1. Output the antiparallel fraction of DSSP beta bridges having both residues in the chain, as a percent to the nearest 5.
2. Going through the stretch 1-65, which trypsin sites (Lys or Arg not before Pro) have at most 10 other Cβ atoms within 10 Å and a DSSP loop state?
3. Between VAL290 and GLU122, what FRET efficiency follows from the Cβ-Cβ distance if R0 is 35 Å, with the result rounded to 0.05?
4. On C-alpha positions alone, give me the angle between the axis of helix 201-210 and the longest principal axis of the chain, in degrees, nearest 10.
5. To make sure I understand, if each residue's beta carbon is the centre and we count other beta carbons within 10 Å, what order do GLU199, GLU319, GLU152, GLU248 fall in, fewest to most?
6. Mind pulling the angle between the C-alpha long axis of helix 230-243 and the longest principal axis of the chain? Nearest 10 degrees, somewhere in 0 to 90.
7. Can you give the angle from 0 to 90° between the axis of helix 318-331 and the longest principal axis of the chain, with both taken from C-alpha atoms, to the nearest 10?
8. Under 8 Å for C-alpha pairs, at least 6 residues apart: give me the relative contact order for the stretch 1-128, rounded to a whole percent.
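Any read-out appearing in this document is the output of simple, stated calculations on the displayed coordinates, not a laboratory observation. Keep in mind that what you see is a predicted model, and the values were worked out from it rather than measured. For neighbour counting, all protein chains shown are included, and Cβ atoms are generated from backbone atoms with ideal geometry for every residue, glycine included.
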Amino acid sequence: MIKNSILITGGAGFIGSNLVQEFIEKTDYVIINLDKLTYAGNLDSLSSVLNNKRHIFIHGSIGDKKLVKQILTTYKPWSVINLAAETHVDRSIDGPAVFIQTNIVEVSQLLEIVRDYWMSLECNARKYFRFLHVSTDEVFGSLGDEGLFTEESKYAPNSPYAASKAASDHLVRAYNRTYGLPTLLTNCSNNYGPCQFPEKLIPLIILKAIDKKPLPVYGDGKNVRDWIYVRDHCNALMTVLNSGIPGEAYNIGGSNEKTNIEVVTKICDILDKMCPRSDKASYKQQISFVTDRPGHDYRYAIDHQKVSRLGWKPEETFETGLRKTVQWYLDNRQWIERVQDGTYQGQRLGLA
């Protein structure tokens, strides 16, 4: 094994495509990108690296045992970063089965194949190998008005999505403790930025605003999330991969706690300046409060001191990152039209 290739699963999704680009731009690694290309995975998000010789895209699933084994045997990566997952809470409420299949069953299969590959490596190569599993802060459940999630926080998932990610986290930990597989686990707060599928809050609000549609805010809009710009998250993942201790978990957050209504209002303020309505009225006039999501967690907030001690810190404030994000969606309407292939057009999901 030569320490120059990395397998990234789910590398055509939102976080995955940004991570692939970060690796190509900032390192000399060869990136093997395995993605199933479900509705949220799109090659348009990788347009800047598709023709790069250090980016090898393979269309397939982590559930395809034969394919995953072939990739590991052929390219002999020194690490595997697993981003392959079903991710949207509302979709998990409507149909939890696919979340259980992808996030639990297929992750367990991936771990077993990776363990066999790791065991086949020579002693020195085995020492350097890493398996990094990317997860979410939603596995910890909901916070009250005070406190932060730490790496020692109790798991208490409240949605089918969070429960499926919690299960995969436990499997990763078990493979480290039981078999010695050198795993790394990260739990991150809410991401935003370029190439995020428009079912998520920030891109959904941007697109509905400029299309002159109501801007849906769940409940009273006072649910709190900690937001992190996606490229800051990617840099944290690269830091953990290179400097993290096998068997450890690392929380990643942006220290940007905002209520949902604050986020929507800030987007409206930015759009009022970047893309004013023809009638000169504020986009805030389009805000519409709707029935809350079932089991909606009240507050998430991350203590990221542990990963910061590895030398990482976020570069973007919420304000600078949000301006970049709004501008990106205004400049990339063709990307939006191509990823919205007719299966999702901004309709409400997760009504159970």
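1. Details: 3 of 40 bridges.
Among the beta bridges of the chain, antiparallel pairing accounts for roughly 10 percent.
2. On the way: sites: LYS3, LYS26, LYS36, LYS53, ARG54, LYS65; in loops: LYS3, LYS36, LYS53, ARG54.
Passing both the DSSP loop test and the Cβ count: LYS53.
3. On the way: r = 57 Å, r/R0 = 1.64.
Using R0 = 35 Å, I get an efficiency of 0.05.
4. The helix 201-210 is inclined about 40 degrees to the chain.
5. Values: GLU199 21, GLU319 11, GLU152 8, GLU248 16.
Ascending number of Cβ neighbours within 10 Å: GLU152, GLU319, GLU248, GLU199.
6. The angle comes out near 20 degrees.
7. 80
8. On the way: 191 pairs, mean separation 36.3, N = 128.
Contact order relative to length: 28 percent.
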